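Presented below is the structure to which this report refers.
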Amino acid sequence: MTILFSEAEDILDKSVNGKRLSTDEGVKLFSIKDITILGMAADTVCKKKHPEDYRTYIIDRNINYTNICTSGCKFCAFYKTDEHHDGYIITKDILFKKIEETMSLGGRQILMQGGLHPSLPLDYYVDLLQSIKREFDIHIHAFSPPEMVHFSKLQGIPVRDIIQRLKTAGLDSMPGGGAEILNDRCRNLLSPGKCTAQEWLDVMRESHNLGMKTTATMMFSHIETIEERIEHLEKIRRIQDETGGFTAFIAWTFQPKNTQLDPLLTSQYRDMGRIGSYDYLRTIAVTRLYLDNIPNIQASWVTQGAKIAQLSLKFGANDMGSTMIEENVVRATGVSYQMDKDEIEFLINDLGYEARQRDLYYQVF
């Protein structure tokens, strides 16, 4: 698709002036080759939503309670089968030590996710949450929608009841993992053993209706079309219109190494320039312009590195995400960027903003 400069200007002006973009206009934004124009518009929108003189980050740790998973997603290099010698279920001793270290580094939250284990009962997760809350005063951000759907099917209990039981046990909020692209053509190819797009959306709706805040995510640059990216954003936007429960949106590029998709993507996509910083920054900018009802956009230094993440703060993002004291899933693909609190603060300050630590609800301290 080609787009005239005048038409691009009209679409960008529409977004900058607070008017909602259509799906067709969202697709057309991806036709703008000069990403500096997209970045300037997204930065303007971001500054209108966040006129404050600071940008934020959070100190937390991504704890994977198990790597055993029945989903078998073709984009995942982390999971193991139940019989694999490297499969594990975390012990409470190890879990508690990880939490203690997180809190000693100033963290107030843990992000806890795992594979779709074939046999762990709901009582295991309830006990895990209760034991953490007995020992620590820490926010638990855990169990993405695919896990919730898996628990529901394994136990024969409605998703709403699963969420309520986990919330009562100590679950504070839910990550938006497992969204990938919310289109079933993509999901049937990438992760046929995982929840459908509608199931993911339904879990989020139920969580929000139960008073639980969540994040939303998108993993892109694999087999999806530009139209399917916008379809994904549109579905997120509709849920947010209905519930207002998303605190932030996080997007990152697929990392192909060590996955089943690697050979396919090497031949069909990587040569097209679809996997890289250009596409990442372009998508972040479009995300900020399109998701007019999502307050916060996170940068993804975990997949893009420090400098591109810093540049994201000029392309519509207002948050540098987490220090990620521990991260295992992306690392399994061979990508291993690391940043501590001091570096994140330096990158924010270097742009002329004050670096402020925040919680899941974007309250700063």
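The values are calculated or read from the model by the stated rules, or taken from the named source; none is laboratory data. All figures in this text were calculated on a predicted structure; none of them were measured in a lab. When we count neighbours, we look across all protein chains shown, and the Cβ atoms used for this are built from the backbone with ideal geometry, even at glycine. SASA here: full protein model, heavy atoms, side chains in, ligands and nucleic acids out. Shrake-Rupley method; radii C 1.70, N 1.55, O 1.52, S 1.80 Å.
Tabulated results
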{"quantity": "Per residue accessible area of the chain, 1.4 Å probe, in Å²", "calculated": "40 Å²"}
{"quantity": "Counted charge near GLU343, where neighbours are those whose Cβ lies closer than 12 Å (Asp, Glu -1; Lys, Arg +1)", "calculated": "-2"}
{"quantity": "Potential extension, ASN17-ILE89 segment - 0.36 nm per residue separation minus Cα distance", "calculated": "20.9 nm"}
{"quantity": "Partners for LYS213 among lysines (Cα-Cα distance below 22 Å; same-chain residues under 8 apart left out)", "calculated": "LYS49, LYS133, LYS167, LYS235"}
{"quantity": "Anisotropy class of the chain from Cα gyration tensor, a/c 1.5 cut", "calculated": "prolate"}
{"quantity": "Under the Karplus curve 6.51 cos²θ - 1.76 cosθ + 1.60, θ = phi - 60°, whole-Hz ³J(HN,Hα) for region 121-138, x wherever Gly or Pro sits", "calculated": "x, 4, 4, 4, 6, 4, 5, 4, 5, 4, 5, 5, 5, 5, 9, 9, 9, 9"}
{"quantity": "Built amide H within the under 5 Å cut-off of ASP60, gap 5+", "calculated": "THR323, MET324, ILE325"}
{"quantity": "Region 304-321 - phi-based ³J(HN,Hα) in whole Hz, Karplus 6.51/-1.76/1.60, Gly and Pro as x", "calculated": "10, x, 5, 5, 5, 4, 4, 4, 4, 5, 9, 10, x, 7, 10, 9, 8, x"}
{"quantity": "Amide H within-cut-off set for LYS194, under 5 Å, with H built and near neighbours excluded", "calculated": "none"}
{"quantity": "Region 2-151 - charge dipole about Cα centre, Lys and Arg +1 at Cβ, Asp and Glu -1, debye rounded to 20", "calculated": "200 debye"}
{"quantity": "Above-threshold pairs, the threshold being 27 Å between Cα atoms, out of LYS47/LYS98; LYS19/LYS307; LYS80/LYS307; LYS97/LYS314; LYS14/LYS47; LYS19/LYS47", "calculated": "LYS47/LYS98; LYS19/LYS307; LYS80/LYS307; LYS97/LYS314"}
{"quantity": "Computed helical MRE - 222 nm, the chain, DSSP H runs ≥ 4 contributing -39500 (n - 2.57), nearest 500", "calculated": "-13500 deg cm²/dmol"}
{"quantity": "Antiparallel DSSP beta bridges within the chain, as percent of all bridges there, nearest 5", "calculated": "5 percent"}
{"quantity": "Those aspartates and glutamates that a straight Cα-Cα span of less than 18 Å connects to LYS28, excepting residues fewer than 8 apart in one chain", "calculated": "GLU7, GLU9, ASP10, ASP13, GLU224, GLU227, GLU228, GLU231, GLU234, ASP279, ASP292"}
{"quantity": "Environment charge of ASN318, counting only residues whose C-beta is closer than 13 Å and scoring Lys/Arg +1, Asp/Glu -1", "calculated": "+3"}
{"quantity": "Table column - 3J(HN,Hα) (Hz), region 232-248, Karplus curve with 6.51, -1.76, 1.60, x for Gly and Pro", "calculated": "4, 4, 5, 5, 5, 4, 5, 4, 5, 4, 6, 10, x, x, 7, 8, 7"}
{"quantity": "Surface share of carbon and sulfur [accessible, 1.4 angstrom probe, percent] for region 102-169", "calculated": "49 percent"}
{"quantity": "Order by protection proxy (mean Cβ within 10 Å, highest first), peptides 247-254, 41-48", "calculated": "247-254, 41-48"}
{"quantity": "Candidates ALA317, ALA355, ALA285, ranked by Gaussian network fluctuation over the chain, Cα under 10 Å, top entry", "calculated": "ALA355"}
